[in-house]
Amino acid sequence: MPANRLTLPSPAKLNLMLHILGRREDGYHELQTMFQFLDYGDEITYALRDDGVIHLHTEFEGVPHDSNLIVKAARKLQEQSACSLGVDIWIDKILPMGGGIGGGSSNAATTLLGLNHLWQLGWDEDRLAGLGLTLGADVPVFVRGHAAFAEGVGEKLTPVDPEEPWYLVLVPQVSVSTAEIFSDPLLTRNTPPIKVRPVPKGNSRNDCLPVVTRRYPEVRNALNLLGKFTEAKLTGTGSCVFGGFPSKAEADKVSALLTETLTGFVAKGSNVSMLHRKLQSLL
C-alpha cells in the first residue's frame, strides 16, 4: 500500500554570485548566477485526501491561502496531471520571506516532488521542472536538486560542484522586494558574461548589492559586521547575507559573537539538496 502521509525538507539556497547581463524586451533580466543548497530549511507534511481538496492548514501572515506558492504548485500539478486526489498540507516555517534564500520557490518545488510521490503520478524531473518554471524562475533548481550555474532568467541550469563550506547566514529583520530591486534605475545591468567551465571562482560579486545596501541599512550593517570575520556576501536580492568557514566550530564561534544583536544560523553547504537525499531514501 502506498504511504498516505509524507514529511519532506524544503531547503534554503544561496546565490554564490549574481551577475545581471541586461534587460530583455519582456522586462525580465538576463542573469548568471550560481546556486548552492544549505542543509537547513522548512519542513512540509502532506496527507493524502481522496476528495480532490487542496488545503494548506498553516497560515502565512499577509499571504492569502490561494496565493501561497505551495497551494499554487499543488493545484497546477493536480490540473496538469488530471489527478482526482487532494492533500492536506502543514509547514514548519523557519526560512524568512524576502530573504533571498529561496523560501517560497523551495516550498513550491518540495510540493511538486512530494505530491508526485504521494499521488504516484510518475512524472520525470524534466516535466516537474518545466511546471516549476511557470511558478518562478528559481523553482527548477530546487526540483533538480543539484548545485547549478544558472543563465537566462535563471532557468538554464548546468550542474556544478563548488566547495561545500560551513556558512553563517545572517537574517536582517527586513523583507526585500525582488521587483523593487530589479526596477531600480541604478541597478547594474551590463555585466559581461562569464564561462561556466571551470567553475567560476573569485567572481563572487552580486550586482544587486549596491542597490540593496542603499535601500536597506539593516543589510549594510549585517554585511559590515560579518565582513570583519570573512568575505561577506549578499544572496539573491537579499535580505540575507552569508560567509563561508572551513569548519562548523569556526562558523559557530563567529555566530555566537554576532547573533547577540542579529538573527542568524549556521548550516553546511551542499551540492545535493537534502530534499533529494530524502526522496532517494524513500525509493
*asked:* I'd like to know if segment 223-230 contains one or more residues that are over 22 Å from the mean Cα position of the chain (by Cα), surrounded by fewer than 18 Cβ atoms within 10 Å (Cβ to Cβ), among the charged types (D, E, K, R) and closer than 19 Å to His19 by Cα.
replied: no
*asked:* Condition first: at pLDDT 95 or above, touching a strand residue (DSSP E or B) at 6+ places or on another chain (Cβ under 7 Å), of a type in the set (A, V, I, L, M) and within 22 Å of Gly22 (Cα to Cα). Can you find one or more residues in segment 189-200 that meet it?
replied: no
*Only residues that are assigned to a loop (DSSP other than H, G, I, E, B) and within 23 Å of the chain's Cα centre (by Cα): list them for segment 177-190, please.*
Ser177, Ser183, Asp184, Leu187, Thr188, Arg189
*Considering segment 1-52 alone, what residues qualify as being assigned to a strand (DSSP E or B), of a type in the set (Ser, Thr, Tyr) and more than 30 Å from Leu168 (Cα to Cα)?*
Tyr46
*Evaluate the following for Lys278: is it of a type in the set (Lys, Arg), within 24 Å of Gly104 (Cβ to Cβ) and touching a residue at least 24 places away in the same chain (Cβ under 8 Å)?*
yes
*Under the condition of being assigned to a strand (DSSP E or B) and in contact with a helix residue (DSSP H, G or I) (Cβ under 8 Å, 6 or more places away or on another chain), which residue from segment 59-106 is surrounded by the most Cβ atoms within 10 Å (Cβ to Cβ)?*
Val87
*Exclusive hit being free of Cβ contacts under 8 Å to residues at least 60 places away in the same chain and acidic (Asp, Glu), set Glu151, Glu79*: Glu79
*If we keep just the residues of segment 259-273 that are under 23 Å from Ser239 (Cβ atoms) and not polar (S, T, N, Q), which is modelled with the lowest pLDDT?*
Glu260
*Give the residues of segment 253-271 that are small (Gly, Ala, Ser) and farther than 20 Å from Asn15 by Cβ, sorted by residue number.*
Ser255, Ala256
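One line per residue, one yes/no per condition, for (1) out of contact with any Ser or Thr (no Cβ under 6 Å at 6 or more places or on another chain); (2) closer than 21 Å to Thr259 by Cα:
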residue: Thr188; (1), (2): yes, no
residue: Thr191; (1), (2): yes, no
residue: Ile194; (1), (2): yes, no
residue: Ser204; (1), (2): yes, no
residue: Leu209; (1), (2): yes, no
residue: Arg215; (1), (2): yes, no
residue: Leu223; (1), (2): yes, yes
residue: Phe229; (1), (2): yes, yes
residue: Thr237; (1), (2): no, no
_For the structure I just gave you, tell me whether Ile89 is within 30 Å of Gln173 (Cβ to Cβ) and either in contact (Cβ under 8 Å) with a residue 60 or more places away in the chain or out of contact with any Leu (no Cβ under 7 Å at 6 or more places or on another chain) (or both)._
no
*Check off (1) in a loop (DSSP other than H, G, I, E, B); (2) more than 10 Å from the chain's Cα centre (by Cα); (3) at pLDDT 95 or above for His117 and give me the number that stays unchecked.*
(1)
*Quick one: Val63 ticks every box in (1) under 22 Å from Pro140 (Cα atoms); (2) under 19 Å from the mean Cα position of the chain (by Cα) bar one, so which box is it?*
(1)
*Thr58 of a type in the set (Ser, Thr, Tyr) and closer than 25 Å to Leu16 by Cα*: no
*Of the residues Pro210, Pro165, Pro172, Pro217, which is at pLDDT 95 or above and in contact with an Asp or Glu (Cβ under 6 Å, 6 or more places away or on another chain)?*
Pro172
*Restricting attention to segment 38-49, does a residue exist that is under 15 Å from Ala150 (Cβ atoms) and among the basic types (Lys, Arg)?*
no
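The values are calculated or read from the model by the stated rules, or taken from the named source; none is laboratory data. Fair warning: this is a prediction, and the values are worked out from it, not measured in the lab. Glycine also receives a Cβ, built like all others from the backbone with ideal geometry; neighbour counts cover every protein chain displayed.
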